[in-house]
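S.K.: Pasting in a structure now, in structure tokens, and then I'll have a few things to ask.
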Amino acid sequence: MSITNFDAIISLRPKAQFALNDDVLDWHDKTQTKPTDSEIAAEKTKLETEYADKKYQRDRAAEYPRLVEQLDDIYHNGIDAWKATIKKTKDKYPKS
């Protein structure tokens, strides 16, 4: 995923009214101030870092068994067996 100037502007000024054409910002909002280029760049960096820091969450989500399978595991094998199954994925993709 690539964080864009659009993403940064929305993060900085939620619900702002603007147009962005080829990274040229046309500000229409009367209540919020237009973000500077340096504010936008800094916000992009922040959002990219936040996205990278949560990679383990995306990796875990892709590998966890489907919810119905997890519930079936709990029903047939109990909570401790389910926890052991989940722990394997958590250990494989630890928080950074």
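S.K.: Looking only at residues in the range 1-49 that are among the basic types (K, R) and part of a loop (DSSP other than H, G, I, E, B), which one is farthest from S96 (Cα to Cα)? Before the answer, list the steps.
M.R.: Here is the first cut: in the range 1-49, the residues among the basic types (K, R) are 13, 15, 30, 34, 44, 46.
Right, trim to part of a loop (DSSP other than H, G, I, E, B) and you get 13, 15, 30, 34.
On the way: R13: 29, K15: 32, K30: 41, K34: 35 Å.
Among them, the one singled out is K30.
S.K.: Tell me, please, whether a residue that is out of contact with any Pro (no Cβ under 7 Å at 6 or more places or on another chain), small (G, A, S), at pLDDT 95 or above and surrounded by 14 or more Cβ atoms within 10 Å (Cβ to Cβ) can be found in the range 18-32.
M.R.: no
The values are calculated or read from the model by the stated rules, or taken from the named source; none is laboratory data. These numbers were taken from a predicted model, which means no experiment stands behind them. Ideal geometry is used to build each Cβ from the backbone, glycine not excepted, and the neighbour counts take in all protein chains shown.
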